Amino acid sequence: QLQLVESGGGLVQPGGSLRLSCAASGFTLDYHAVGWSRQAPGKEREGVSCISKNSSSTNYADSVKGRFTISRDNAKNTVYLQMHTLKPEDTAIYYCALILGSSCRIRDFGSWGQGTQVTVSS
């Protein structure tokens, strides 16, 4: 089956760091752009970051620019989101998905799985 599985979330204090992983199975990730989105309680889903198939291009939401880094290891069929200097407003469920369009707009994101919970609190 074609599947993307998110992992790496958890509870961290403000200012802490986490690295999220998005592992693909059933297909080769090399030929696809991939994006991360998140949804906080009571809020709409928002795009966080996208990376092109060859890592030549990346995009970041203004709220995370300078703190988050998206990367990929095609040999491991995995995309990562390294998060530093986490803030309480980063608390959300984080999802990864294939980018089906030609940009990093939220409507370009494909379907997602269960996601991984990130909670930033003291």
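Rule-based calculations on the coordinates, nothing more; no lab input. These numbers come from a predicted model, not from an experiment. Methodologically, a virtual Cβ is constructed for each residue, glycine included, from the backbone with ideal geometry; neighbour enumeration extends over all protein chains shown.
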Legend entry - Diffusion constant of the chain at 37 °C, which comes from Stokes-Einstein with the Kirkwood Cα-pair radius and 0.692 mPa s, µm²/s: 231 µm²/s
Inset, instruction - Report the label-to-label distance for Lys87 and Glu44 in nanometres (one decimal), using points 7 Å from each Cα along the Cα→Cβ vector. - result: 2.0 nm
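Got the relative contact order for the chain handy, in percent, Cα pairs under 8 Å and 6 or more residues apart? List each step's numbers first, then the result.
On the way: 295 pairs, mean separation 42.6, N = 122.
RCO, the chain: 35 percent.
Might you report the magnitude of the Cβ-based charge dipole of the chain about its Cα centre, with Lys and Arg at +1 and Asp and Glu at -1, to the nearest 20 debye?
80 debye
So how many Lys-Lys pairs in the range 20-122 land under 26 Å Cα to Cα, not counting same-chain pairs under 8 apart?
Values: Lys43/Lys65; Lys43/Lys87; Lys53/Lys65; Lys53/Lys76; Lys65/Lys76; Lys65/Lys87.
Lysine pairs satisfying the spacing and distance rule in the range 20-122 number 6.
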Inset, instruction - Grab the Cα-Cα distance for Ser25 and Ile106, subtract it from 0.36 nm times how many residues apart they are, and report the gain in nm with one decimal. - result: 26.9 nm
Legend entry - Vicinal HN-Hα couplings computed from phi for the range 19-24 (Karplus, 6.51 cos²θ - 1.76 cosθ + 1.60; Hz; Gly/Pro x): 10, 8, 10, 10, 9, 9
Inset, instruction - Go ahead and run the numbers for FRET between Lys76 and Leu2, Cβ-Cβ distance against an R0 of 22 Å, rounding to 0.05. - result: 0.80
